[in-house]
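The values are calculated or read from the model by the stated rules, or taken from the named source; none is laboratory data. The shown structure was predicted, so the numbers you read here are calculated from the model rather than taken from an experiment. Every residue, glycine as well, gets a Cβ built from its backbone with ideal geometry; the counts of neighbours run over all protein chains shown.
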Amino acid sequence: MIDKQHPHFSVVRQCKLLGLHRSGLYYKPVAENDENLAILQVLDEQYLGNPFFGVPRLRAGKRFIVGQEPPSHSQAYISIPTF
């Protein structure tokens, strides 16, 4: 789609013509690690099985699974606003 070696159009111009952001050309997505995927899968199963549990019970379940208090970034996984 974008030719970085194009003789007439720069990368900036090509991106502008296609309506793309240049940063998207250089971004390399990072895969999620296996531990996080396992925790997310357990949380998904727990939530789908008991959608009425709410955040406190999901957090308690995660503490039980992981064996420690979940880090603050895990709050985003279960939609807890940080105050």
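Does any residue of region 54-67 turn out to be assigned to a loop (DSSP other than H, G, I, E, B), modelled with pLDDT under 75 and among the charged types (D, E, K, R)? No. Selection of first residues in region 25-45 that are outside the structural domain of Val55 (by TED's automatic domain parsing) and of second residues that are outside any helix (DSSP H, G or I) and surrounded by 12 or more Cβ atoms within 10 Å (Cβ to Cβ), restricted to Cβ pairs under 7 Å at least 6 apart or on distinct chains, gives the following pairs, ordered by first then second residue: Leu25/Ile2. Applying the criterion of at least 3 residues that are modelled with pLDDT of 85 or more, more than 18 Å from the chain's Cα centre (by Cα) and exposed (fewer than 12 other Cβ atoms within 10 Å of the Cβ) to the helices (runs of 4 or more DSSP H) found wholly in region 1-53 leaves 11-18. Residue count for region 1-46 satisfying the condition of being β-branched (Val, Ile, Thr) and over 23 Å from Arg57 (Cα atoms): 4.
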